[in-house]
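The values are calculated or read from the model by the stated rules, or taken from the named source; none is laboratory data. If you're wondering where the values come from, they're calculated on a predicted model, not measured in any experiment. Cβ sites come from the backbone with ideal geometry, for glycine too, and all protein chains shown count toward neighbours.
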Amino acid sequence: MTVPGESFCRTQLPRVSRTFALNIPLLPEPLDLAVTVAYLLCRIADTLEDEAPGALQGELLTALAELVTLRPGWEGRARSFVQRAGPSLRGETPSAEAELVAGTPTVLEALASLPTWVQPHIARCVRTMTDGMVRMQREHGSAGRIRGLPDLEATFTYCYYVAGVVGEMLTELFIDYSPRVAPHASTLIPRAPAFGRALQLTNILKDVREDLDRGYCWLPRDRMAAHGLEPATLAQPGQRARAVAMMEELVAVARRELDAAMEYSLALPVEEPGLRLFCLYPLFFAALTLNALEGNPAVFDPAPVKISRDAVRTVMLLTQERVGSDGALRALYADCSRTPRGEEAVR
């Protein structure tokens with residue numbers, strides 16, 4: 001039976017995320033809808049962080065975190081939130097993201113329809129994420145705008161607030177959903193933040209030029225300075241060799257995080273293949289992406305560096321075939337992680 005708001009959420013998901021539109025449907029009910037709703041709420045926060053002006057941004061993020069608690073009267077407050085948030089977005093905001101912000105009351109309606117054990121985990125995630133975004137803006141100015149972040153620790157902190165906390169939320173949902181997962185909690189919980197951080201750090205590296213063009217930089221200034229770089233010079237053609245060398249250092253950092261994410265994924269029981277596939281798809285995509293970035297000066301060009309659709313399809317099929325074997329999955333991860341430019345050794 002379709003619940004209130006479900007149709008909007010399922011339709012909106014592929015419009016704002018191609019990756020999660022591939023793996024969320026693999027989750028069993030009601031996790032598939034719960035994670036869809038959670039992702040959309042996090043994406044609303046991300047849109048506010050990127051597209052709302054600094055003066056209003058903190059207020060809107062705090063209001064969103066309050067709305068997700070679903071305290072009595074949330075319906076009216078949600079309408080008021082949209083009336084303030086919608087006009088505040090930049091004119092260049094992608095239409096799908098603007099429509100998602102406008103649909104916040106509908107997403108909350110879907111959240112309210114989910115089992116009660118789901119809601120506290122999502123509310124905690126959104127609160128931690130929005131509080132972190134506000135903190136990063138306060139400490140570093142306009143959420144990292146063009147200046148970069150001071151050091152790798154600050155970049156990791158940012159990755160925790162926007163993605164590591166999502167790994168924690170997913171783990172909580174998985175444990176509450178499946179009695180098969182609960183015995184593995186002691187292995188999963190410590191690795192949960194690394195699962196989210198690895199994917200976020202990969203995205204930061206992949207999108208470095210796009211972010212610079214939009215006036216943002218999430219890279220650590222100390223690592224840039226060690227190579228004689230700063231955000232303003234990072235994409236200059238004459239600085240390519242230095243920029244590539246810096247990128248190789250950060251790719252190595254992301255790989256270590258991805259190794260921890262792999263151990264997280266394999267700690268999920270083989271009796272829950274949907275949960276495993278949900279985690280493994282983006283993990284393998286990230287491994288291929290890091291290969292495509294490493295030693296590749298094109299990452300600093302305007303055209304984005306992407307893995308091919310054929311590579312995506314191939315890794316999805318191979319992951320499905322091997323989902324029940326840790327050994328086979330480790331071998332696939334090794335293949336994905338060692339091939340120059342990321343695709344040719346996937347077999």
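Structural remarks
- Elements of type helices (runs of 4 or more DSSP H) in the stretch 243-347, at least 2 residues being modelled with pLDDT of 95 or more and over 23 Å from the mean Cα position of the chain (by Cα): 309-322, 326-338
- Qualifying residue in the stretch 49-65 (condition: closer than 20 Å to Asn203 by Cα and of a type in the set (A, V, I, L, M, F, W, C)): no
- Checking each residue in the stretch 73-90 for being closer than 13 Å to Leu60 by Cβ and assigned to a loop (DSSP other than H, G, I, E, B) picks out only Leu89.
- Any pair with Cβ under 9 angstrom, 6 or more apart, that starts in the stretch 98-124 at a residue that is farther than 13 Å from Val37 by Cα and ends at one that is among the basic types (Lys, Arg): Glu99/Arg15
- The one condition from (1) surrounded by fewer than 20 Cβ atoms within 10 Å (Cβ to Cβ); (2) over 20 Å from the mean Cα position of the chain (by Cα) that Ala154 does not meet is (2).
- Condition met for Arg191 (assigned by TED's automatic domain parsing to the domain that holds Leu266 and either assigned to a loop (DSSP other than H, G, I, E, B) or farther than 27 Å from Leu40 by Cβ (or both)): no
- In the set Arg79, Arg43, Arg71, Arg18, only one residue is under 26 Å from Leu280 (Cα atoms), modelled with pLDDT of 95 or more and either over 21 Å from the mean Cα position of the chain (by Cα) or among the charged types (D, E, K, R) (or both); that residue is Arg43.
- When the helices (runs of 4 or more DSSP H) confined to the stretch 91-153 are screened for residues that are closer than 27 Å to Leu234 by Cβ and either modelled with pLDDT of 95 or more or in the same structural domain as Pro53 (by TED's automatic domain parsing) (or both), those reaching at least 2 such residues are found at 119-140.
- Condition met for Val208 (farther than 23 Å from Thr128 by Cβ, β-branched (Val, Ile, Thr) and crowded, with 22+ Cβ neighbours inside 10 Å): yes
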